[in-house]
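Worksheet for the structure shown next.
What follows is calculated from the coordinates using simple rules that are stated; it is not laboratory data. In this text, all values refer to a predicted model and were calculated from it rather than measured experimentally. Cβ: placed from backbone, ideal geometry, glycine included. Neighbour counts: every protein chain shown.
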Amino acid sequence: MQILHPFAGSITQYAEEISDPDRYRPGHCPQCEAKQPLTGHGFYWRTLVDLAFDGVIRVRRYLCRICKRTVSLLPEFALPWLRFGISVIALFLVARLLKVLTLAAAALAAGQSAMPYQRGQFWIRRFQKQAPALGVALAPLAAPAAAPDFVSRALGMLASIGWIAAHRFLFAQLRAHLLGWPPFLVPQGRRATLAAAVPSA
Ligand SMILES: [Zn+2]
């Protein structure tokens, strides 16, 4: 299970901060509600492209000794299952869907001048599909402004809340994803676990 790292700052600061396992150690298990601190369980690595970063970051993992499941602390500037950071995707979507720039100009606005256009189209498709649900989900944080369509309304709400703050709320409170969960992670970002069909001999 992924939960959000309770830290807002630069990627460099993040990299320094996660070296200490005690600093953000969860005091209880979010999966079985065991009331004891989780045990440090190393890191995994993931790629990330952000405005001033293109590389690999470490994500800290903890283990619950009661239910034997792991919890990883994903920094809030990164989205689960997507390689690109929230800031890049936000700049692209605003440039394309609100300012109506071309795909190439929108990619440039997001600092991704060499990006294949299919990637931008993929983000747009996912955002368009997710926009009506975002408008409803974000209503506790921002009054829905009058807008001609779901996409403009969701973009307006995200601008007033802040994209990362909105993601924090969606993910931590609702287990919802800014761009929607892909089929392989439904429901709510959890991989389906198959029960063993045959008892072990
Ligand atoms: Zn547990």
Under unit Cβ charges (Lys, Arg +1; Asp, Glu -1), what dipole magnitude, rounded to 20 debye, does the chain have relative to its Cα centre? 560 debye
At VAL136 and LEU185, where each label point lies 7 Å from the Cα along Cα→Cβ, what is the point-to-point distance in nanometres? 2.1 nm
Per residue of region 146-153, what does 6.51 cos²θ - 1.76 cosθ + 1.60 with θ = phi - 60° give for ³J(HN,Hα)? Whole Hz please, x for Gly and Pro, Karplus curve as stated. 5, 8, x, 7, 4, 5, 5, 5
Please name whichever of LEU185, ALA106, ALA133 sits farthest to the positive end of the charge dipole of the chain, dipole taken about the Cα centre and charges placed at Cβ: Lys and Arg +1, Asp and Glu -1. LEU185
Would you list which lysines come within 23 Å of LYS129, measuring only between C-alpha atoms, while excluding same-chain residues fewer than 8 positions from it? LYS99
Where both residues lie in the chain, what percent of DSSP beta bridges are antiparallel, nearest 5? 80 percent
Dipole in debye (nearest 20) - region 74-169, about Cα centre, beta carbon charges: Lys, Arg +1; Asp, Glu -1: 200 debye
At 0.36 nm per residue, minus the direct Cα-Cα distance, what do ARG23 and TRP45 gain on full extension? Give it in nm, one decimal, please. 6.0 nm
In whole Hz, what ³J(HN,Hα) sequence does region 28-33 give by Karplus (6.51, -1.76, 1.60; θ = phi - 60°), x for Gly and Pro? 8, 8, x, 9, 10, 6
Please state, to two decimals, what the Cα-based radius of gyration of the chain comes to when divided by 2.2 N^0.38 Å (N = residues). 1.11
Sort the following peptides by mean Cβ neighbour count (other Cβ atoms within 10 Å, averaged over residues), highest first: 2-12, 125-135. 125-135, 2-12
Toward the positive end of the charge dipole of the chain, about the Cα centre and with charges on Cβ (Lys, Arg +1; Asp, Glu -1), which of TYR44, ALA90, THR12 goes farthest? TYR44
Helical mean residue ellipticity (222 nm; -39500 (n - 2.57) per DSSP H run of 4+; nearest 500) of the chain: -10000 deg cm²/dmol
